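*Asks:* Quick one: the structure is below, and I'll ask about it shortly.
The values are calculated or read from the model by the stated rules, or taken from the named source; none is laboratory data. Keep in mind that this is a model prediction, so the values were computed, not measured. Cβ: placed from backbone, ideal geometry, glycine included. Neighbour counts: every protein chain shown. In case anyone asks, the SASA skips ligands and DNA or RNA and just uses the protein heavy atoms, side chains included. Shrake-Rupley method; radii C 1.70, N 1.55, O 1.52, S 1.80 Å.
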Amino acid sequence: MDSLSSKKIYIETYGCQMNFSDSEIVASVLTEHGYLITRAIQSADIILLNTCSIRDHAEQRVKKRLQQIRVFKKKKPDLTIGLLGCMADRIKNVLLEEEHLLDIIAGPDAYRDLPRLLDQVESGQRGVNTLLSLEETYADITPVRLGSNGVSAYISIMRGCENYCSYCVVPFTRGRERSRDARSIIRESQELVGQGFREVTLLGQNVNSYRSNEGNDKINFARLLDRIASINPLLRIRFATSHPKDISDELLETIAIHPTICRALHLPVQSGSNRVLSRMNRKYTREEYLERVETIRNVIPGCAISTDIISGFCDETEEDHQETLSLMAQVKFDYAFMFNYSERPMTPAAKTLKDNVPREVKERRLTEVIGLQQKLSFESNKQDLGRVFEVLIEGNSKRSADHFMGRNSQNKVVVFPKTTAGPGEYVQVKVFSFTSATLLGETVQ
Ligand code: SF4
């Protein structure tokens, strides 16, 4: 191993927060084996792309990037190129046949095996492992915080998903649902507080179905949150992503009693039409979703709600689309991630439904959804004018070195002139202006 110790690894991450958290696991496994992590691709001996398959666009980006990386390989023939993450298993065979550029292909459950795969490359072979696991949670691996601001950190609490929404590739690329041992999550949270971090974001495809056993004790997500909230009053807690069918009253009451659990829930609805929700196999109706939203607003006043919307799903009619717009207007989401339906191979929708909404109709509907959400986000920020929020300082504002940026409990970015306080500290900020994405304010005592 000594001969390898100076080898530098450059990790490039695509897609969701889960992938960023995974890249920190990859960095930890490899630094444990003597590799160094570099942020300069030019000085890398090994380039690893951690990929996403959620939409075709994400995969096209990676394929384009591989063509660019081919140039580095020409200049540095010993360069090792690896592809990790959700694309690994999904297009392994294509990649191996077409992409002679690749030396390593490793799926989301194979990161412990990376040192062995790199050894295989050293001895002139390719390293491939895309096996999915029923147990793997990397619970004993302390992530190496990549590109961290030293204030907020991700903690992956579970892996995989078994909801099988008909459009989604995740159950096939990340495997069965498994929750990490609660004690290891508590330990990691305590260590982060000790290192000066003041915010953790708990990650999972559907954190609400978190389940862990401690002897006869069953720890669900509400109890896990309660435990983390009891670690230190300076530690803020966020989490993503929630599935609307698993938002329990117990969870909402737990959030309500702990001010350090942030007042921001990401609750993907995807569509406002029951016909479409049923074909998506989302397992809730429009009415059930709205009932949860009403309960959230009653139990946790002032809670921000964000969502995901898919426009143009199979057989979506104009009436279905209008139902999505009317649901958005009724809920008044604070912000949303909005995309056109992108058919993913292997998914139930690809096998049983037709991607039959014409592209121009999909685009027109998506434009209307985005247009409406921009109005809703603007209104949401407008309502914050004159209000005072507790903001956790994360660092300098991108636009001005004389300003700090941070976020309030509702996960809104707040920018304000620098004060004596610094990153990792809380300040009270009064909002006097806003843009569609940011609140502008001044600190008050
Ligand atoms: S809940 Fe549905 S959309 Fe989310 S990861 Fe699981 S299968 Fe995919």
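*Asks:* Would you mind working out the magnitude of the charge dipole of the chain relative to its Cα centre, with +1 at each Lys and Arg C-beta and -1 at each Asp and Glu C-beta, to the nearest 20 Debye? Write out the running numbers ahead of the final one.
*Replies:* Working: 59 positive and 58 negative charges, 178 e Å.
Its charge dipole is roughly 860 debye.
*Asks:* I've got another one for you. List residues of region 162-176, by number, whose backbone nitrogen lies under 13 Å from a label position 7 Å along Cα→C-beta of Phe337.
*Replies:* 169-170
*Asks:* Moving on. On a straight-distance basis, which lysines could pair with Lys418 in a cross-link, Cα separation under 28 angstrom, same-chain partners fewer than 8 positions away excluded?
*Replies:* Lys382, Lys398, Lys430
*Asks:* Now, a different point. Given points 7 Å out from each Cα along the Cα-Cβ axis, report the Arg39 to Glu250 separation in nanometres with one decimal.
*Replies:* The modelled label-to-label distance comes out at 4.2 nm.
*Asks:* Could you tell me what fraction of 2.2 N^0.38 Å the Cα radius of gyration of region 94-163 comes to, as a two-decimal ratio?
*Replies:* My calculation over the Cα atoms of region 94-163 gives 1.38.
*Asks:* Please get the size of the charge dipole for region 311-424, origin at its Cα centre, with Cβ charges of +1 on Lys and Arg and -1 on Asp and Glu, quoted in debye to the nearest 20.
*Replies:* On the way: 16 positive and 17 negative charges, 109 e Å.
The dipole of region 311-424 has a size of about 520 debye.
*Asks:* Considering all projection directions equally, how large on average is the shadow of the alpha-carbon convex hull of region 152-382, in square nanometres?
*Replies:* The directionally averaged projection comes out at 13.1 nm².
*Asks:* Something else about it: Which of the pairs Lys7/Lys75; Lys64/Lys92; Lys8/Lys76; Lys7/Lys92; Lys8/Lys74 have their Cα atoms more than 20 Å apart in this structure?
*Replies:* Lys7/Lys92
*Asks:* Another question about this same structure. Of the beta bridges DSSP finds with both residues in region 8-129, what % are antiparallel, to the nearest 5?
*Replies:* Taking every DSSP beta bridge within region 8-129, about 0 percent pair in antiparallel fashion.
*Asks:* Let me check against my output: what whole-number percent is the relative contact order of the chain, with C-alpha pairs under 8 Å and at least 6 apart?
*Replies:* On the way: 876 pairs, mean separation 43.9, N = 445.
Worked out over the chain, it gives 10 percent.
*Asks:* Same structure, new question: Would you please classify the overall shape of region 151-220 from the alpha carbon gyration tensor, given that a ≥ b ≥ c denote the square roots of the eigenvalues, rounded means a/c under 1.5, and beyond that prolate means a/b larger than b/c while oblate covers the rest?
*Replies:* oblate
*Asks:* Write down the accessible area per residue of the chain in Å², having rolled a 1.4 Å probe over the full set of protein chains.
*Replies:* Solvent-accessible surface per residue comes out at 44 Å².
*Asks:* Kirkwood Rh over Cα pairs of region 8-129 into Stokes-Einstein at 4 °C, 1.567 mPa s: D in µm²/s?
*Replies:* Values: Rh = 14.2 Å.
My calculation gives 91 µm²/s for D.
*Asks:* What does the highest-first list of 60-69, 269-278 look like by mean Cβ count within 10 Å?
*Replies:* In decreasing order of mean packing, 60-69, 269-278 become 269-278, 60-69.
*Asks:* Please turn the phi angles of region 271-277 into ³J(HN,Hα) values with the Karplus equation 6.51 cos²θ - 1.76 cosθ + 1.60 (θ = phi - 60°), one per residue in order, whole Hz, x for glycine and proline.
*Replies:* 8, x, 9, 4, 4, 5, 4
*Asks:* How much of the accessible area of the chain, in percent, comes from carbon and sulfur atoms when a 1.4 Å probe is used? Spell out each step's value before the answer.
*Replies:* Working: 9900 of 19440 Å².
Taking all protein chains in place, the chain shows 51 percent carbon and sulfur surface.
*Asks:* Sticking with this structure for a sec: Any chance you could get the radius of gyration and Dmax over the Cα atoms of region 365-445, in Å?
*Replies:* 13.5, 48
*Asks:* Once Lys and Arg get +1 and Asp and Glu get -1 on their Cβ, which of Val170, Val71, Phe337 lies farthest toward the positive end of the dipole of the chain?
*Replies:* Highest projection toward the positive end goes to Val71.
*Asks:* What relative contact order, as a whole-number percentage, does region 313-366 give when Cα pairs under 8 Å and 6 or more residues apart are counted?
*Replies:* 56
*Asks:* Could you give the length gained on full extension between Glu294 and Asn396, defined as 0.36 nm per residue of separation minus the Cα-Cα distance, in nm?
*Replies:* Length gained, Glu294 through Asn396: 33.1 nm.
*Asks:* Also, quick follow-up: At each listed q (0.08, 0.13 Å⁻¹), what is the log10 of I(q)/I(0) that the Debye formula gives for the chain modelled as equal alpha-carbon point scatterers?
*Replies:* -0.49, -1.32
*Asks:* Could you give each residue of region 314-326 its phi-based ³J(HN,Hα) in whole Hz, using Karplus coefficients 6.51, -1.76, 1.60 with θ = phi - 60°, and x for Gly or Pro?
*Replies:* Karplus-based 3J(HN,Hα) across region 314-326 equals 2, 6, 5, 9, 4, 5, 4, 4, 4, 5, 5, 4, 5 Hz.
*Asks:* At q = 0.20 Å⁻¹, what is the base-10 log of I(q)/I(0) for region 277-320 according to the Debye formula with one equal point scatterer per Cα and no solvent? Please give it to two decimals.
*Replies:* Taken in order of the listed q values, log10 I(q)/I(0) reads -0.79.
*Asks:* Taking only Cα atoms of region 192-278, what ratio of Rg to Rh do you get with Rh as the Kirkwood inverse-distance radius?
*Replies:* Taking Rh as the inverse mean 1/r over Cα pairs, Rg/Rh reads 1.03.
*Asks:* Still on this structure, please answer the following. Given N residues in region 108-203, what is its alpha carbon radius of gyration divided by 2.2 N^0.38 Å?
*Replies:* 1.29
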